[in-house]
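Below is one structure, written out as structure tokens; comments come after it.
The values are calculated or read from the model by the stated rules, or taken from the named source; none is laboratory data. Keep in mind the model is a prediction, meaning the values are calculated, not measured. FYI the Cβ positions are ideal-geometry reconstructions off the backbone, even for glycines, and counts take in every protein chain you see. The protein model used for the area step is the full one, side chains on, heavy atoms only, and it has no ligands, DNA or RNA in it. Shrake-Rupley method; radii C 1.70, N 1.55, O 1.52, S 1.80 Å.
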Amino acid sequence: MHATLDRQKLAQLADGPPSAAVRIDRLDRAIGLLVDHADAIADALREDFGHRSVQASLVTDVAASIEPLKHAKRHVRRWMRRERRAVSPAALALLGARAWIDYQPKGVVGVMSPWNFPFNLTFAPLAGILAAGNRAMIKPSEFTPRSSALMQRMIAGAFDASELAVFTGDAEVGAAFSALPFDHLLFTGATSIARHVMRAAADNLVPVTLELGGKSPAIVGRDADLVLAAKRLMFGKTLNAGQVCVAPDYALVKRERVDGFVDACRAAVAGMFPKGADNPDYTAIVNERHRERLRGYIDDARAKGAVVVDLHAGLSDAGRMSPVAVLGVNDTMDVMRDEIFGPILPVLPYDDIDEVIAYVNAHARPLSLYYFGNDTRERERVLSRIVAGGVTVNDTVMHLTMDDLPFGGVGPSGMGAYHGVDGFRTFSHARSVYRQSSFDVSAMLRPPYGKTISRLLAFKIRR
């Protein structure tokens with residue numbers, strides 16, 4: 001890995017900032033890999049998970065990875081342009097002074113991608129990385145070995161190792177990767193692992209972007225359409241069997257509407273997955289360790305008095321876990337302490353929207369926030385009082401798909417953001433440039449000091 005990093009850094013220095021044509025060529029090659037290997041990607045993911053919906057994989061890991069790359073390709077020439085800035089004081093501009101920002105490639109970016117969407121969470125950030133003119137080294141997750149091996153073969157077939165390179169391996173390889181002196185490091189994964197990654201990066205003062213997770217609340221407002229809200233909320237909860245960083249973690253529902261909401265959720269799940277056993281559209285939990293973790297949440301909740309409501313018993317088998325709602329939960333239960341990352345939906349009743357706001361704010365800032373309802377005043381109160389990484393109103397997950405919106409967390413749910421122009425800027429160095437006028441403006445600032453500087457200071461130091 002060290003040798004590849006050195007090679008990429010030397011190549012970047014030797015070649016200089018790549019032209020728009022070179023950047024577009026790299027983006028085109030990345031798009032081509034996803035198009036040409038779409039079926040192989042879906043097959044690898046199905047094998048890694050035990051079962052994963054082929055159509056869902058084509059949507060989330062192929063199509064949703066291609067679009068950010070195409071978006072970057074369409075806009076990279078504009079993003080690269082020199083950005084003019086005002087000089088101050090403004091009178092300097094009349095004398096010929098100018099100021100601007102040049103967006104320079106940072107150099108070599110390290111990408112540590114997770115197991116839940118291994119291709120999307122590699123290729124989507126590559127859109128900004130490649131558009132910004134960088135090279136990259138990638139460490140995919142060891143929990144999806146077939147997908148990681150496929151990604152390595154794909155990229156090696158289309159890119160020289162001095163441009164892009166993939167390194168597979170276990171946690172020790174990941175630890176060594178995070179300790180490399182990259183010019184920037186992107187990590188997507190668990191908050192607990194992010195702490196170790198950030199410590200390792202700090203030894204080399206490597207700037208990091210952390211895309212993490214947390215307990216993202218879904219607030220069902222007092223006037224929300226329960227049927228529509230349940231359909232959209234349960235889509236987000238059952239997508240990839242809830243193994244999504246932006247999945248709604250728990251729902252907050254008006255007390256008198258809880259029973260109706262649960263019934264609507266049951267109907268929504270039945271509508272999406274009408275066939276129970278061997279349903280091709282429902283995804284398995286990735287491995288036994290995570291299945292045991294999720295079963296532990298349910299057992300712990302039941303032991304502490306919660307009621308578990310199965311929303312579609314027919315979806316369970318050796319690898320898959322049926323969606324459930326959990327009622328009567330409290331913060332002593334593991335299901336309300338940890339990010340769930342599975343098809344378990346705790347439902348909390350509330351009486352007043354300020355009670356909801358206080359509850360969410362008493363916990364770590366979430367990666368995502370969802371609000372369902374049409375009451376503008378209530379919606380704006382929720383949005384203004386709760387700090388979250390991103391928000392979708394009257395749906396779930398969709399803010400993540402917007403190419404022109406930055407995606408990222410805040411505090412324990414992450415730092416930094418990418419997507420679209422924000423990704424380009426994250427992986428660029430915004431270099432400030434000031435060009436002095438031919439008139440010797442700075443002469444008055446140089447010693448020896450006299451009346452001129454005294455008059456200038458008298459003018460400047462005032463209310």
Fill in: For L252, residues with placed amide H under 5 Å, excluding near neighbours
A218, I219, V220, L348
Discussion item. With the crude spin-label approximation of a point 7 Å out along Cα→Cβ, what separation in nm comes out for M198 versus L383?
Written reply: 2.8
Worksheet entry | Under Karplus coefficients 6.51, -1.76 and 1.60, residue-wise ³J(HN,Hα) of segment 14-27 in Hz, glycine/proline x | 5, 7, x, x, x, 6, 4, 5, 5, 5, 5, 4, 5, 5
Worksheet entry | Whole-Å distance, taken between Cα centres, linking segment 92-143 and segment 312-346 | 36
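My understanding is that a pair violates if its Cα-Cα distance is over 25 Å; which of K106/K215; K139/K231; K231/K275 do that in this structure? Show your work: numbers first, answer last.
Values: K106/K215 33 Å; K139/K231 36 Å; K231/K275 17 Å.
Those over the limit are K106/K215; K139/K231.
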Worksheet item: lysines near K451 by alpha-carbon distance under 27 Å, same-chain residues fewer than 8 away left out - which ones?
Response: K460
Fill in: Karplus-derived HN-Hα couplings along segment 80-88 (A = 6.51, B = -1.76, C = 1.60, θ = phi - 60°), whole Hz, x at Gly and Pro
6, 4, 4, 9, 6, 10, 6, 8, 9
Item to complete: Between R302 and D352, take the C-beta separation as r, use R0 = 35 Å, and let me know the FRET efficiency to the nearest 0.05.
Response: 0.75
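Over segment 118-191, what is the mean sequence separation of C-alpha contacts under 8 Å (at least six apart), divided by residue count, expressed as relative contact order in percent?
About 30 percent, as a whole number.
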Discussion item. At 222 nm, what value in deg cm²/dmol follows for the chain if DSSP H runs of at least 4 each add -39500 (n - 2.57) and the sum is divided by all its residues, to the nearest 500?
Written reply: -13000 deg cm²/dmol
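Set the Förster distance to 45 Å, then compute FRET efficiency between L13 and D334 from the Cβ-Cβ distance, nearest 0.05. Before the final figure, lay out each step's value.
Working: r = 50 Å, r/R0 = 1.12.
E(calc), rounded to 0.05, equals 0.35.
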Worksheet entry | Rounded tilt (10° steps) of 145-158 against the dominant C-alpha axis of the chain | 40
Discussion item. Using a 7 Å offset from Cα along Cα-Cβ at S442, what residues in segment 96-134 end up with backbone N under 20 Å from the label point?
Written reply: 96-102
Worksheet item: Normalised by the residues of the chain, what does the relative contact order come to in percent, with Cα pairs under 8 Å and at least six apart?
Response: 19
Worksheet, complete the sentence: Under the Karplus relation with 6.51, -1.76 and 1.60 and θ = phi - 60°, whole-Hz ³J(HN,Hα) for segment 344-360, x at Gly and Pro, equal 10, 10, x, 10, 10, x, 9, 10, 9, 5, 5, 5, 5, 4, 5, 5, 4
Worksheet entry | In segment 274-319, trypsin sites (Lys or Arg not before Pro) in a DSSP loop with at most 16 other beta-carbon atoms within 10 Å | K275, K304
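Once neighbouring chains are kept in place and the probe is 1.4 Å, which whole percent of the accessible area of segment 222-363 is contributed by carbon and sulfur?
Numbers: 3060 of 5720 Å².
Carbon and sulfur atoms account for 53 percent of the accessible area of segment 222-363.
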Worksheet item: Going 7 Å from the Cα of R98 toward and past its Cβ, which residues in segment 420-443 have a backbone nitrogen under 20 Å from where you end up?
Response: 430-442
Worksheet item: Non-local amide H neighbours of H51 (under 5 Å, H modeled in plane, Pro and chain starts lacking H): which ones?
Response: A284
Discussion item. Tell me the relative contact order for segment 369-414 as a rounded percent, counting alpha carbon contacts under 8 Å between residues six or more apart.
Written reply: 39
Worksheet item: Tell me, in nm to one decimal, what length is gained between N361 and R257 on full extension, where the rule is 0.36 nm per residue of separation less the Cα-Cα distance?
Response: 35.1 nm
Item to complete: Mind pulling the angle between the C-alpha long axis of helix 38-49 and the longest principal axis of the chain? Nearest 10 degrees, somewhere in 0 to 90.
Response: 60
Item to complete: Scan around G107 for amide H atoms under 5 Å from its own, H built in the peptide plane at 1.01 Å from N, and keep only partners 5 or more places away or cross-chain.
Response: R135
